[in-house]
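Student: There's a structure below that I have some questions on.
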Amino acid sequence: MRLITIDQYDPKTMQLAKPIFDNKRRVLLAAGNNIHPKYMAKLIQLGLSHLIIEDKKSEGITLEEMIDMPTWMDLIGIMNKTYQEAASRRPLPLRDIQQTAGKLITEVQKRKAIMLVPSSSIANELTHFAHVVNVTLLALQIGKQLKYNNIQLRDLAIGCLLHDIGKAVTNKEEEHPKAGFDLIRNNREINLLSAHIAYQHHETLDGRGFPRSLNGNDILQFAQICNIANSYENLISTNKLSPDIAAEQIMSQSETKFLHTIVLSFMKGVALYPPGTNVLLNTGHEAIVTRIEGHLQRPVVRLHSLKKEIDLAENPTIIISRTKSSDSS
């Protein structure tokens, strides 16, 4: 099982490993199917850019680091409802939000690493709600590295789930943080820290963010975490960068946009080479990442030519030179 971009799909050698959902969260194509060309055109029309497939190359790869699709889709549906309620100026469904936060905390706590289902893997109408779920998963992974307790994780999760809630009531980009803050702070059951995540998640250390051009210690740590998670999710889903290249961009902004300690926690919690990633080793061999065991950034890889696995954590002289987007081997 592995994640590919839709243009890499080969109907002769691949079949779906996870179902594809339409904009109403109904199964459009079930796992185990091949994609007929006429359905492929429909998927592209819906805006899908990634697929999770099975093929000979990915045999035995389980993607245990990835949240299961039914759970992911259920949480996306709850956030869709939440943002619709906000758009209609109705009370936020606080119990649903709290339960969603709790489920995501559980998902993160039971995994060593988190591998995202890109928000561009579903229909355009649901992409934004997938985005906020993914941002929350990433933020919680960072919070886990920072040794946050359950109360801190809950407040972080709620704030990240609602970080873009202001977009439900305004189309102006620079106004949505303040609009979101005003929506959230009217709910006494939500910690004001969570509301400030919405308010500050576009602020940066160098003072070039918005809406208030805050800088340095004036920006809450929770908001910094959300900003990094938000930026990374956009890089892999919208910009379609590989996780290692996206992470490099985050690292390059350490101490300019993001606090160095939070960038380090991000790097300790996010796998640069998730299972299913095609890589080129410094030995010249092409390989595929099969699983993560002892070291998050030193996975186990399977060499295509030699048909054997190597644990990079136990072979320090062998390193990944780069990822390969092509399926040629």
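The values are calculated or read from the model by the stated rules, or taken from the named source; none is laboratory data. Please read these numbers as outputs of a predicted model, since none were measured by experiment. When we count neighbours, we look across all protein chains shown, and the Cβ atoms used for this are built from the backbone with ideal geometry, even at glycine. Please note that ligands, DNA and RNA were not included when accessible areas were found on the heavy atoms of the full protein model with its side chains. Shrake-Rupley method; radii C 1.70, N 1.55, O 1.52, S 1.80 Å.
Student: Counting only residues that are open to solvent by 30 Å² or more (accessible area, probe 1.4 Å) and hydrophobic (A, V, I, L, M, F, W, C), how many does segment 167-204 have?
Tutor: Count: 4.
Student: Another question, if that's okay. So in segment 295-325, with the set limited to residues that are of a type in the set (Gly, Ala, Ser) and open to solvent by 80 Å² or more (accessible area, probe 1.4 Å), which one is nearest to the chain's Cα centre (by Cα)?
Tutor: Residue satisfying both the conditions and the ranking: 325.
Student: Without any contact (Cβ under 8 Å) to a residue 24 or more places away in the chain and within 18 Å of residue 21 (Cβ to Cβ), is that true of residue 78?
Tutor: Yes; evaluated as a whole, the condition is true for this residue.
Student: Which of the residues spanning segment 1-35 are without any contact (Cβ under 8 Å) to a residue 12 or more places away in the chain and assigned to a helix (DSSP H, G or I)?
Tutor: 7, the sole residue that qualifies.
Student: Here is a further query. For segment 1-35, which residues satisfy the criterion of being exposed (fewer than 14 other Cβ atoms within 10 Å of the Cβ) and at positive phi?
Tutor: Once the filter is applied, which keeps residues that are exposed (fewer than 14 other Cβ atoms within 10 Å of the Cβ) and at positive phi, segment 1-35 yields only 32.
Student: Counting only residues that are under 14 Å from residue 220 (Cβ atoms) and assigned to a helix (DSSP H, G or I), how many does segment 159-183 have?
Tutor: Residues meeting the conditions: 4.
Student: In segment 248-279, what residues are of a type in the set (Val, Ile, Thr) and under 23 Å from residue 136 (Cβ atoms)?
Tutor: Across segment 248-279, the qualifying residues are 250, 261, 262, 263, 270.
Student: Across segment 121-150, what is the total count of residues that are outside any loop (DSSP other than H, G, I, E, B) and touching a strand residue (DSSP E or B) at 6+ places or on another chain (Cβ under 6 Å)?
Tutor: Selection size over segment 121-150: 1.
Student: Go through segment 67-113 and count every residue that is at positive phi and open to solvent by less than 40 Å² (accessible area, probe 1.4 Å).
Tutor: Residues that pass the stated criteria total 0.
Student: Then there's this: Could you tell me whether residue 73 is under 24 Å from residue 161 (Cβ atoms) and among the hydrophobic types (A, V, I, L, M, F, W, C)? So that I can check it myself, show each step before the final result.
Tutor: On the way: under 24 Å from residue 161 (Cβ atoms): yes; among the hydrophobic types (A, V, I, L, M, F, W, C): yes.
Judged against the criteria, residue 73 is a match.
Student: Continuing with this model, one more query. Report whether or not residue 239 is at pLDDT below 95, open to solvent by 30 Å² or more (accessible area, probe 1.4 Å) and polar (S, T, N, Q). Break it down into steps so the answer makes sense when it comes.
Tutor: On the way: at pLDDT below 95: yes; open to solvent by 30 Å² or more (accessible area, probe 1.4 Å): yes; polar (S, T, N, Q): yes.
Yes, satisfied.
Student: Which numbered condition trips up residue 225, out of (1) under 18 Å from the mean Cα position of the chain (by Cα); (2) at pLDDT below 95?
Tutor: Just one mismatch for residue 225, condition (2).
Student: While we're on this one: Would you confirm, using the coordinates I've provided, whether residue 60 is in contact (Cβ under 8 Å) with a residue 60 or more places away in the chain, out of contact with any strand residue (DSSP E or B) (no Cβ under 9 Å at 6 or more places or on another chain) and of a type outside the set (S, T, N, Q)?
Tutor: So residue 60 does not fit the description; no.
Student: Ok, one more. Here's a check for you: in segment 114-148, which residue that is of a type in the set (Ser, Thr, Tyr) and within 19 Å of residue 228 (Cβ to Cβ) is most open to solvent (accessible area, probe 1.4 Å)?
Tutor: From segment 114-148, those of a type in the set (Ser, Thr, Tyr) are 119-121, 127, 136, 148; that's our starting set.
Imposing the further condition that a residue be within 19 Å of residue 228 (Cβ to Cβ) reduces the set to 119, 136, 148.
Details: 119: 4, 136: 0, 148: 32 Å².
Here the answer is 148.
Student: Say whether the condition of being open to solvent by less than 50 Å² (accessible area, probe 1.4 Å) and within 16 Å of residue 124 (Cα to Cα) is met by at least one residue in segment 50-66.
Tutor: If we filter segment 50-66 for residues that are open to solvent by less than 50 Å² (accessible area, probe 1.4 Å), which is where we start, we get 50-53, 55, 57-58, 61, 63, 65-66.
So of that shortlist, the ones also within 16 Å of residue 124 (Cα to Cα) come out as 50-51.
Looking through segment 50-66, at least one residue is open to solvent by less than 50 Å² (accessible area, probe 1.4 Å) and within 16 Å of residue 124 (Cα to Cα).
Student: Going by the structure shown, is residue 255 open to solvent by 80 Å² or more (accessible area, probe 1.4 Å), closer than 20 Å to residue 156 by Cβ and at pLDDT below 95?
Tutor: no
Student: Looking at (1) of a type in the set (D, E, K, R); (2) surrounded by fewer than 16 Cβ atoms within 10 Å (Cβ to Cβ); (3) within 27 Å of residue 303 (Cα to Cα), can you tell me which one residue 38 breaks?
Tutor: (3)
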